[in-house]
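Some notes on the structure that comes next.
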Amino acid sequence: MFIKGISYWSFPGGLEGALPVAGAFERAKKAGFESIEVCLSPAGDLTARTTEAQAKQTLRQAKDAGIQISSVACAIFWEKSLTDEDAAVRKEGFDLARSLIDLAHWLEADAVLVIPGAVDVFFLPAPPVDYQTVYGRATDAIGALEPHARAAGVALAVENVWSKFLVDPLAMRTFIDQFGSPWVGSYLDVGNCMVNGYPEHWITMLGHRIKRVHLKDFRRDVGTAGGFVDLLAGDVNWPGVISALNDAGYSGCLTAEMIPGYKYYPEVLIENTSRAMDAILGRRA
């Protein structure tokens, strides 16, 4: 059985950390979601400076709203990459990852989204980093984080992102398997697969390694970041995705990660996403 979730980033003000998390909990529940992925941000309610007591207060707010905190994400990894050429930046990224694990543990979320590294980032001006170098640095970083994650009971869910690193399911599977740990797995982003593959193929190859799943839709004929569209408006084979997840034995959270983009009535995005997920999950009235 899947758990219907949404990302905090999907709400207006979420990307900036400006939306109070309690408000996101209430809106998510009202829209029919069962879980929410919260985000560690530079500012707002959840940051690297959040204390255990503050996190426990946030957890109580989620429980009062009747919503589960499924996982914790962090966009700061793009600028504080675990594979940056600057060792000081890599150290900042590593410390950030440890804070992310601690925050997830306090929030009773058993997974964190980790961007393992990048050859390049299409929206950040920087020269590319050699792939082999990135692979080695990412391996070292995840390997060093694994004991802390294991002790906290929090899985390191490595996401497939547009970074020219781990761009196919075999590469992702090989990267994960080298650690030999159930605390290192995949955060499978359905939409991110679409630029050069098929998410159902990724699911089949990754199988039990999948710890969390992001739902996004994508139009292949666009082929750029502008190709991300509302759920059911793109080319994702949703029946194939759900069938592959069932075959893989995955029964956890499916989290819609939508980027707020409605010029007028932005709150409608949440309602539309909820209705689309009901259709995808076969929950139509």
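The values are calculated or read from the model by the stated rules, or taken from the named source; none is laboratory data. Here the structure is a predicted model, which is why all the values come from computation and not from measurement. Methodologically, a virtual Cβ is constructed for each residue, glycine included, from the backbone with ideal geometry; neighbour enumeration extends over all protein chains shown.
Residue by residue, here is whether (1) assigned to a strand (DSSP E or B); (2) acidic (Asp, Glu); (3) touching a strand residue (DSSP E or B) at 6+ places or on another chain (Cβ under 6 Å) holds:
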{"site": "LYS4", "(1), (2), (3)": "yes, no, no"}
{"site": "GLY13", "(1), (2), (3)": "no, no, no"}
{"site": "GLU16", "(1), (2), (3)": "no, yes, no"}
{"site": "ALA24", "(1), (2), (3)": "no, no, no"}
{"site": "ARG27", "(1), (2), (3)": "no, no, no"}
{"site": "ALA43", "(1), (2), (3)": "no, no, no"}
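Any chance the stretch 263-277 includes a residue that's surrounded by fewer than 21 Cβ atoms within 10 Å (Cβ to Cβ), charged (D, E, K, R) and within 12 Å of LYS4 (Cα to Cα)?
There is at least one residue in the stretch 263-277 that is surrounded by fewer than 21 Cβ atoms within 10 Å (Cβ to Cβ), charged (D, E, K, R) and within 12 Å of LYS4 (Cα to Cα).
Matching residues to (1) part of a strand (DSSP E or B); (2) farther than 28 Å from GLY249 by Cα; (3) more than 16 Å from the chain's Cα centre (by Cα):
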{"residue": "TRP9", "(1), (2), (3)": "no, no, no"}
{"residue": "LEU19", "(1), (2), (3)": "no, yes, yes"}
{"residue": "GLY32", "(1), (2), (3)": "no, no, yes"}
{"residue": "ILE36", "(1), (2), (3)": "yes, no, no"}
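Name every residue in the stretch 164-196 that is surrounded by fewer than 20 Cβ atoms within 10 Å (Cβ to Cβ), assigned to a loop (DSSP other than H, G, I, E, B), out of contact with any helix residue (DSSP H, G or I) (no Cβ under 7 Å at 6 or more places or on another chain) and modelled with pLDDT of 95 or more, in order of residue number.
LYS164, VAL167, ASP168, GLY180, PRO182
Please go through the stretch 221-246 and give me each residue that is closer than 16 Å to ALA279 by Cα and aromatic (Phe, Trp, Tyr), ordered by number.
TRP238
Tell me, please, whether a residue that is assigned to a loop (DSSP other than H, G, I, E, B), touching a strand residue (DSSP E or B) at 6+ places or on another chain (Cβ under 7 Å) and over 26 Å from PHE175 (Cα atoms) can be found in the stretch 263-277. Outline the logic, then answer.
The first filter runs over the stretch 263-277 and keeps only residues assigned to a loop (DSSP other than H, G, I, E, B), leaving 263-267.
From what's left, touching a strand residue (DSSP E or B) at 6+ places or on another chain (Cβ under 7 Å): none.
No: the stretch 263-277 contains no residue that is assigned to a loop (DSSP other than H, G, I, E, B), touching a strand residue (DSSP E or B) at 6+ places or on another chain (Cβ under 7 Å) and over 26 Å from PHE175 (Cα atoms).
From the list ALA28, ALA87, pick out the single residue that is more than 26 Å from PRO147 (Cβ to Cβ), at pLDDT 95 or above and aliphatic (A, V, I, L, M). Don't jump to the end; show me each part of the working.
Working: ALA87 fails: more than 26 Å from PRO147 (Cβ to Cβ).
Selected residue: ALA28, the only one of ALA28, ALA87 that is more than 26 Å from PRO147 (Cβ to Cβ), at pLDDT 95 or above and aliphatic (A, V, I, L, M).
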